[in-house]
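Enquirer: Before we start, here is the structure in question, set down as structure tokens.
The values are calculated or read from the model by the stated rules, or taken from the named source; none is laboratory data. Every value quoted in this text rests on a predicted model; they were computed, and no experiment measured them. Positions of Cβ are generated from backbone atoms using ideal geometry, with glycine treated the same way; all protein chains shown enter the neighbour counts. Heads up: the accessible areas ignore ligands, DNA and RNA and are worked out on the full protein's heavy atoms, side chains in. Shrake-Rupley method; radii C 1.70, N 1.55, O 1.52, S 1.80 Å.
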Amino acid sequence: MEGIVTVLKPPGMTSSNAVYDVRRIFGIKKVGHLGTLDPGAAGVLPVCLGRATHLFEYLVDKEKTYIAEITFGISTDTLDSYGTVTCTEPDADIAEDRLQSVLPQFTGAIRQIAPAYSALKVDGRPMYDLARAGEEVPERVRDAFISELTLVRKIAKNRYLLKVRCSRGTYIRTLCCDIGNALGVPAMMSFLLRTESGPFKLESAFSVAELTERTERGTLEETVISCEQALAAFPALQLREDRRKATMNALETNLPHTEDGIYRVYCGGFLGLGEVHKSAVRLTVHLY
């Protein structure tokens with residue numbers, strides 16, 4: 001069995017533990033997720049099975065969508081509700097119109113300082129290891145792009161839900177902290193739900209318990225999205241039947257007037273991903 005299963009990760013579970021559970025349930029050794037979701041966060045965690053793991057670089061850069069709860073008047077060392085409180089402002093009272101007024105400055109291309117408690121590595125060590133050991137954590141600045149940042153609703157005093165659609169590598173914890181700084185008050189991310197990761201959506205996600213139940217019912221295969229379906233955003237390219245063997249052996253096929261880029265390649269059926277360069281296509285990811 002190969003393809004991608006969308007796991008509904010609960011708060012408290014690490015992405016690595018989710019991969020372990022999927023490996024156990026499906027009985028497949030070659031398994032990997034498409035982008036870490038923080039242990040405290042919940043939601044969509046796409047996990048590749050078998051040869052689908054070769055698609056990592058083609059799927060991981062897709063946009064992500066989140067529903068984030070931001071809480072004003074408190075900040076922590078981890079920038080979320082799991083850390084140690086570093087600052088409080090009991091008199092803080094952020095109104096909806098004030099929050100709305102600063103959101104536009106965080107849309108488009110932005111730069112962020114990665115949280116000290118993040119998985120970014122310094123000399124081979126995750127930054128969170130340095131932070132937990134009390135060692136100095138160097139500042140790491142990252143580029144990000146936020147295509148949508150909207151206020152969903154107010155849920156309590158100083159607590160709001162935000163919808164964020166953003167590029168890979170965006171730190172929602174940092175975003176919440178930076179929004180607080182723009183308003184002149186401490187802030188933290190108090191909850192995070194990832195609702196979309198590229199083509200993988202919350203409504204088609206399965207919890208570990210549901211996957212286990214599917215195994216018992218014999219319907220586990222129905223939870224897997226095929227590689228072809230997961231790559232639907234790439235344009236299709238049909239080759240002549242007589243080029244099948246050459247294509248499967250990674251030989252090039254000349255295609256005049258075809259634009260450079262990545263394509264889903266078909267030749268007597270779906271073969272995988274191919275790259276067109278200077279009017280010639282070569283299969284780069286074999287999935288036949």
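Enquirer: Rg and Dmax of region 30-173, using alpha carbons, in Å: what are they?
Expert: Rg then Dmax for region 30-173, in Å: 16.9, 55.
Enquirer: Okay, next question. What are the lysines whose alpha-carbon lies under 24 Å from the alpha-carbon of Lys163, with same-chain residues fewer than 8 places away excluded?
Expert: Lys9, Lys62, Lys64, Lys154, Lys201
Enquirer: Moving on to the next point. For region 220-288, what size does the Cα cloud have along each of its three principal axes, sorted from largest down, in whole Å?
Expert: For region 220-288, the Cα spread along each principal axis is 42, 23, 16 Å.
Enquirer: Stretched out fully, how many nm does the piece from Gln105 to Glu241 gain, at 0.36 nm a residue minus the Cα gap?
Expert: The Gln105-Glu241 span can extend by a further 43.7 nm.
Enquirer: So what are the ³J(HN,Hα) numbers for region 245-254, from phi and the Karplus equation (6.51, -1.76, 1.60; θ = phi - 60°), rounded to whole Hz, Gly and Pro as x?
Expert: 3J(HN,Hα) across region 245-254, in whole Hz: 4, 4, 5, 5, 9, 6, 7, 7, 10, 6.
Enquirer: Here's another thing I want to ask about it. Among all the aspartates and glutamates, which ones have a C-alpha under 17 Å from Lys30's C-alpha, if same-chain residues fewer than 8 places away are not counted?
Expert: Glu2, Asp21, Glu57, Glu221
Enquirer: Still on this structure, I have one more. I'd like the FRET efficiency for Ser207 and Thr14, computed as 1/(1 + (r/R0)^6) with the beta carbon distance as r and R0 of 25 Å, rounded to 0.05.
Expert: For Ser207 and Thr14, the calculated efficiency is 0.95.
Enquirer: Another question, then. Hey, in the GNM for the chain with a 10 angstrom Cα cutoff, which one of Arg159, Arg23, Arg125 fluctuates hardest?
Expert: Looking only at Arg159, Arg23, Arg125, the largest GNM fluctuation is found for Arg125.
Enquirer: Same structure, new question: Please list, in order, the residues from region 73-99 whose amide nitrogen is less than 16 Å from a point placed 7 Å along the Cα→Cβ vector of Arg140.
Expert: 78-79
Enquirer: Arrange the peptides 242-248, 7-13, 187-193 so that the one whose residues have, on average, the most other Cβ atoms within 10 Å appears first.
Expert: Details: 242-248: 15.4, 7-13: 19.0, 187-193: 22.7.
My ranking of the peptides, most packed first, is 187-193, 7-13, 242-248.
Enquirer: Could I ask something else about it? Between region 149-163 and region 18-57, what is the C-alpha centre distance in whole Å?
Expert: Value for the Cα centre distance between the two parts: 30 Å.
Enquirer: Next question. For Leu255, which sequence-distant residues (separation of 5 or more, or a different chain) have an amide H within less than 5 Å of its own amide H, given hydrogens modelled in the peptide plane?
Expert: Those qualifying (amide H under 5 Å, at least 5 residues apart or on another chain) are Ala280, Val281.
Enquirer: Additional query: Which percent of the accessible heavy-atom area of the chain goes to carbon and sulfur, probe 1.4 angstrom?
Expert: It is 49 percent, rounded to a whole number.
Enquirer: Quote to one decimal, in nm, the extra length available between Glu259 and Tyr288 on full extension: 0.36 nm per residue of separation minus the C-alpha distance between them.
Expert: Between Glu259 and Tyr288, full extension yields an extra 8.1 nm.
Enquirer: Please express the Cα-Cα pair-distance distribution P(r) of region 129-204 as a list of whole percents, one per 10 Å bin, running from 0 to the bin with the greatest distance.
Expert: 14, 41, 31, 13, 0
Enquirer: Continuing with this model, one more query. Residues of the chain: accessible area per residue at 1.4 Å, in Å²?
Expert: On a per-residue basis, the chain sits at 49 Å².
Enquirer: Just one of (1) 67, 47, 38; (2) 74, 49, 40; (3) 57, 42, 37 is Cα extents along the principal axes in Å calculated from these coordinates, so which is it?
Expert: (2)
Enquirer: If you plug each phi of region 64-75 into the Karplus form 6.51 cos²θ - 1.76 cosθ + 1.60 with θ = phi - 60°, what whole-Hz ³J(HN,Hα) values come out, in order, with x for Gly and Pro?
Expert: 10, 10, 10, 10, 10, 9, 10, 10, 9, x, 7, 9
Enquirer: Moving on to the next point. How far apart, in nanometres, would the label points at Glu228 and Arg98 be if each is projected 7 angstrom from Cα along the Cα-to-Cβ direction?
Expert: Going by the 7 Å Cα→Cβ label model, 5.6 nm.
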